[in-house]
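The values are calculated or read from the model by the stated rules, or taken from the named source; none is laboratory data. The structure displayed is predicted, hence computed values, not measured ones. Don't worry about glycine lacking a Cβ; one is built from the backbone with ideal geometry, like all the others, and counts go over all protein chains shown. Remember, those area values only see protein heavy atoms, side chains included, never the ligands or the DNA or RNA. Shrake-Rupley method; radii C 1.70, N 1.55, O 1.52, S 1.80 Å.
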Amino acid sequence: MPRDESSGAMRELGLLLAKRIEERKSGPLVQGERSGFNPALFDLLFLERQELTRLLQGISLDDEPGREVDPARRLELCELLAGLAVSYARDGDVSIVATLVRALGQMGFSGPWLDDAVDFLEAQSCPAGAFGLLAIEADQLKLKSEGILDGSGLLRTTVEVLWAFAAVFGSIQKQRPGETVQGCFTALQKGEDERTDVFGNAGVGLPEGPPCDRTSAWHPDERTASI
Amino acid sequence: MHDLPDYEDLGAKSLEWVIDRLQEFAPWKEGSPEGDRIKTLGELAIVYRLLRRVAADKRNRIAALASTLPEIHAFLLEQCEAVEYRELVRKRLKEGFFILTPYLILRSFGCRISYHEDSLRRMARLGFPGAVERVPHRAMETKYCLWISGLHEEEPAWLSLYDATFLKQVRSLIYIDREDVYAITHTLMYLTDFGGLVASIDAGEIERVSEILKCLLIHHARTRDWDITGELLLGLGFLARTSSATYRAAETAFLRFAWQSDGSLLPHTPSACGAKGGEESEREIFDHRYHTTLVGLMHCVAAHLHSKPQVKR
């Protein structure tokens, strides 16, 4: 687990989000800032990823972004955002999908495209409980447990996904998140206890308990090395 | 406020581009078929079928259609009568039905070439095209061609054909690739006879399919994949579902970014794929652009029937 201050704060935020999801509450808001979120649909469709991220992060403290938009156009806006979430999910871009899902949750949107995007995010849960299926890539890049992949990326992605879930499950009271978030909650707590390395490099210890069939093909030493 | 595109002008320009390059659609260069050129000729024939339908529609306002259709017809007929084409079908009877697509389209308008008719009889005796394993949307294409060509009088059992397709089965739009999207758009082309028939699926299914197309449209417009964007716009047009904000945004982008001043269309924005598309010679330009140009042409001529005339200044 990265020991620096920002990583610690991020883990705290992750734990808070996991707790709020468990309690079926929306994500934390510092204050109800009005964002004036009302982009032209055409522009939104062709925004570069970085610009889209910046735009959506700009509304993260707004408890109901897009409230100024008239209802019919608001639905079109939400549909486009949900379509973009599916689109980026096709590219395997977990981070931007989480950002889009969070915005849609904040806007109180629900629909099958959002469900697809949420399913996609849930599927990114790795065996150790974090979000981001990067073990194979890390292994191919010969990344070791120390230094190169310090886990902060995985930690950030995990918090982004949790925040997305908190926004969605908090706003529309879905009967989820189920085991994936529970596993993440446990993983974050373990990280706090310095007994595991779910986000990377601590190498202090491994989750307790005997290996079961589902994980037996993945040797604990390999897991330490590859995440 | 969304400005309606000038479909007539764009369509006429694309038609001109195609007519100027008709010879590029010819499969026969020095006696042997070049690569996928027979497929290219088949695609031209399919567009010709749609153009004829539009030209016969009293709402048609593209004057150039009437004057160019005989030219396309004569070109297709010339290609179908080429001795190389006739022999190729006879040499490859198993695939002969698919090679014959251009002829089958002409046949749908009453044209008969006795040598090809004999080839078709031989195929039928051997169990072709039925005795060729095909994926569901291609099986639908086979039935479609048998029907429009007049070889089968009975209209295909669309619903049972449709039930087996990817489009009917798909649930998640995340785990889908370009080939899957083409399977979807082609299914709709055959199911509606390129907009000539009302799709024989129920209203709920049309709604589901429209939502699928809209979602795919967002992805392919965002990634500047104009060839697929054009086919998806066509599909929504065939289902008469063109009023959504997503459709309008994607169509605006398609017409603004894919269309070139000479009437051709780029299959994707060059910077989106990090290359210029390998266009150097006229032939390479044709190979690169012809398919998207045909798609754009079909889109404009079909869409203009449902739009109000543009006020010319």
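Results for (1) at positive phi; (2) at pLDDT 95 or above; (3) touching a Ser or Thr at 6+ places or on another chain (Cβ under 8 Å), shown as yes or no for each residue.
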{"position": "B:165", "(1), (2), (3)": "no, yes, yes"}
{"position": "B:178", "(1), (2), (3)": "no, yes, no"}
{"position": "B:182", "(1), (2), (3)": "no, yes, no"}
{"position": "B:196", "(1), (2), (3)": "no, no, no"}
{"position": "B:200", "(1), (2), (3)": "no, no, no"}
{"position": "B:224", "(1), (2), (3)": "yes, yes, yes"}
{"position": "B:228", "(1), (2), (3)": "no, yes, yes"}
{"position": "B:231", "(1), (2), (3)": "no, yes, yes"}
{"position": "B:235", "(1), (2), (3)": "no, yes, yes"}
Identify the residue in region A:137-177 that is among the β-branched types (Val, Ile, Thr) and part of a helix (DSSP H, G or I) and, among all such residues, is modelled with the lowest pLDDT.
A:172
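Being open to solvent by 10 Å² or more (accessible area, probe 1.4 Å), small (Gly, Ala, Ser) and part of a helix (DSSP H, G or I) is the requirement here; does residue B:303 meet it? If you could, list the steps in order and put the result at the bottom.
Working: open to solvent by 10 Å² or more (accessible area, probe 1.4 Å): yes; small (Gly, Ala, Ser): yes; part of a helix (DSSP H, G or I): yes.
It is true that residue B:303 is open to solvent by 10 Å² or more (accessible area, probe 1.4 Å), small (Gly, Ala, Ser) and part of a helix (DSSP H, G or I).
Only one of these is in contact (Cβ under 8 Å) with a residue 40 or more places away in the chain and within 14 Å of the chain's Cα centre (by Cα): A:110, A:125. Name it.
Details: A:110 fails: within 14 Å of the chain's Cα centre (by Cα).
Answer to the check: A:125.
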Looking only at helices (runs of 4 or more DSSP H) that fall completely inside region B:185-268, which ones have 3 or more residues that are in contact (Cβ under 8 Å) with a residue 40 or more places away in the chain and closer than 18 Å to residue B:290 by Cα?
B:226-238
Working only within region A:94-114, note down all residues that are within 11 Å of chain B (Cβ to nearest Cβ) and either out of contact with any helix residue (DSSP H, G or I) (no Cβ under 9 Å at 6 or more places or on another chain) or not in a helix (DSSP H, G or I) (or both).
A:111
How many residues does region A:60-90 contain that are of a type in the set (Gly, Ala, Ser) and within 7 Å of chain B (Cβ to nearest Cβ)?
3
Please go through region B:199-236 and give me each residue that is within 12 Å of another protein chain (Cβ to nearest Cβ), open to solvent by 10 Å² or more (accessible area, probe 1.4 Å) and among the polar types (S, T, N, Q), ordered by number.
B:223
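Conditions tested, residue by residue: (1) modelled with pLDDT of 95 or more; (2) open to solvent by 40 Å² or more (accessible area, probe 1.4 Å); (3) closer than 28 Å to residue B:266 by Cα.
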position	(1), (2), (3)
B:15	yes, no, yes
B:29	no, yes, yes
B:36	no, yes, yes
B:42	yes, no, yes
B:47	yes, no, yes
B:51	yes, no, yes
B:54	yes, no, yes
B:67	no, yes, yes
B:84	no, yes, no
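On the given criteria, is residue B:188 over 15 Å from residue A:116 (Cβ atoms), within 14 Å of another protein chain (Cβ to nearest Cβ) and crowded, with 24+ Cβ neighbours inside 10 Å?
Values: over 15 Å from residue A:116 (Cβ atoms): yes; within 14 Å of another protein chain (Cβ to nearest Cβ): no; crowded, with 24+ Cβ neighbours inside 10 Å: yes.
Judged against the criteria, residue B:188 is not a match.
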Can you confirm whether region A:126-136 contains a residue that is assigned to a helix (DSSP H, G or I) and either modelled with pLDDT of 75 or more or farther than 24 Å from residue A:74 by Cβ (or both)?
yes
Given (1) among the small types (Gly, Ala, Ser); (2) within 21 Å of residue B:215 (Cβ to Cβ); (3) assigned to a loop (DSSP other than H, G, I, E, B), identify the lone condition not met by residue A:82.
(3)
Subset of region B:97-112, residues buried (at least 21 other Cβ atoms within 10 Å of the Cβ), without any contact (Cβ under 8 Å) to a residue 60 or more places away in the chain and not in a loop (DSSP other than H, G, I, E, B), comes to B:97, B:98, B:103, B:104, B:107
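Kindly provide the set of residues from region A:35-47 that are open to solvent by 80 Å² or more (accessible area, probe 1.4 Å) and at the interface with chain B (Cβ under 10 Å from one of its Cβ atoms), ordered by number. Walk me through it before giving the result.
Kept after step one, since they are open to solvent by 80 Å² or more (accessible area, probe 1.4 Å), are these residues of region A:35-47: A:38, A:43.
The answer is A:43, and nothing else.
Please specify each residue of region A:99-114 satisfying the condition of being among the polar types (S, T, N, Q) and open to solvent by 20 Å² or more (accessible area, probe 1.4 Å). Spell out how you get there, then give the answer.
From region A:99-114, those among the polar types (S, T, N, Q) are A:99, A:106, A:110; that's our starting set.
Answer for region A:99-114, where residues must be among the polar types (S, T, N, Q) and open to solvent by 20 Å² or more (accessible area, probe 1.4 Å): A:106, A:110.
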Residues that are open to solvent by 20 Å² or more (accessible area, probe 1.4 Å), more than 14 Å from every other protein chain (Cβ to nearest Cβ) and in contact with a Pro (Cβ under 9 Å, 6 or more places away or on another chain): list the helices (runs of 4 or more DSSP H) wholly contained in region B:113-178 that include at least 1 such residues.
B:136-148, B:158-163, B:166-169
Checked against (1) touching a His at 6+ places or on another chain (Cβ under 9 Å); (2) farther than 22 Å from residue B:251 by Cβ, residue A:49 satisfies every condition except (1)
Limited to region B:62-96, what total is found for residues that are part of a helix (DSSP H, G or I) and either among the basic types (Lys, Arg) or in contact (Cβ under 8 Å) with a residue 60 or more places away in the chain (or both)?
5
Pair list, Cβ under 8 Å, 6 or more apart: region B:121-135 residue closer than 16 Å to residue B:151 by Cα, other residue exposed (fewer than 13 other Cβ atoms within 10 Å of the Cβ):
none
Quick check: is even one residue across region A:56-69 at pLDDT 90 or above, assigned to a helix (DSSP H, G or I) and either open to solvent by less than 10 Å² (accessible area, probe 1.4 Å) or among the hydroxyl-bearing types (Ser, Thr, Tyr) (or both)?
yes
Would region B:237-259 turn up any residue that is farther than 30 Å from residue B:156 by Cβ, more than 11 Å from chain A (Cβ to nearest Cβ), small (Gly, Ala, Ser) and open to solvent by 20 Å² or more (accessible area, probe 1.4 Å)?
no
